[in-house]
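The values are calculated or read from the model by the stated rules, or taken from the named source; none is laboratory data. Because the structure is a prediction, the values reported are computed rather than measured. Every residue, glycine as well, gets a Cβ built from its backbone with ideal geometry; the counts of neighbours run over all protein chains shown. Note: accessible area is taken over every heavy atom of the protein model, side chains too, but ligands, DNA and RNA are not part of it. Shrake-Rupley method; radii C 1.70, N 1.55, O 1.52, S 1.80 Å.
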Amino acid sequence: MLGRYVYELRLLDLAQAIHKITGKSAETFGLQNPGFIKPEFVADLVLFDPDTVSDFADYDRPELPSAGIICVRRW
């Protein structure tokens, strides 16, 4: 989403896109405490390079890793 809608198509800014794939998604699916960085919440934090983040996965190859992801950590 970041590579396509933020950097290629410029339909969203980075903050809007991150909210859509974190907090907004958690709210949409009725999840109780993920999606936000708050006390008592569960967070999967992703450190990425905004200059190189890119998605290579598609419907035929969903297992392909993204580029530009430096670290993923559950907090």
Check: Where the accessible area of the chain is counted over protein heavy atoms with a 1.4 Å probe, how much of it, in %, is carbon and sulfur?
Finding: 57
Note to self: Taking just the alpha-carbon atoms of the stretch 1-41, what radius of gyration and Dmax come out, in angstrom?
What the structure shows: 11.8, 36
Margin query: Could you compute the net charge surrounding SER54? Neighbours are other residues with a C-beta less than 14 Å from the C-beta of SER54; K and R count +1, D and E count -1.
Written below: -4
Check: Across 5 Å bins from the origin, how do the percents of Cα pairs in the chain run, short distances first?
Finding: 3, 14, 19, 24, 23, 13, 3, 0
Margin query: Keeping every protein chain present and rolling a 1.4 Å probe, give me the accessible area per residue for the chain in Å².
Written below: 82
Next item on the list: Go ahead and set up a Gaussian network model of the chain, Cα springs under 10 Å, then flag whichever of ALA43, ALA26, ALA57 fluctuates most.
Entry: ALA57
Item checked: Phi-based couplings in Hz for the stretch 11-27 (Karplus 6.51, -1.76, 1.60; Gly and Pro marked x) -> 8, 9, 8, 4, 5, 4, 5, 4, 4, 4, 8, 10, x, 5, 5, 4, 5
Note to self: Out of the GluC sites (Glu not before Pro) in the stretch 14-65, which ones are loop residues according to DSSP with at most 13 other C-beta atoms within 10 Å?
What the structure shows: GLU40, GLU63
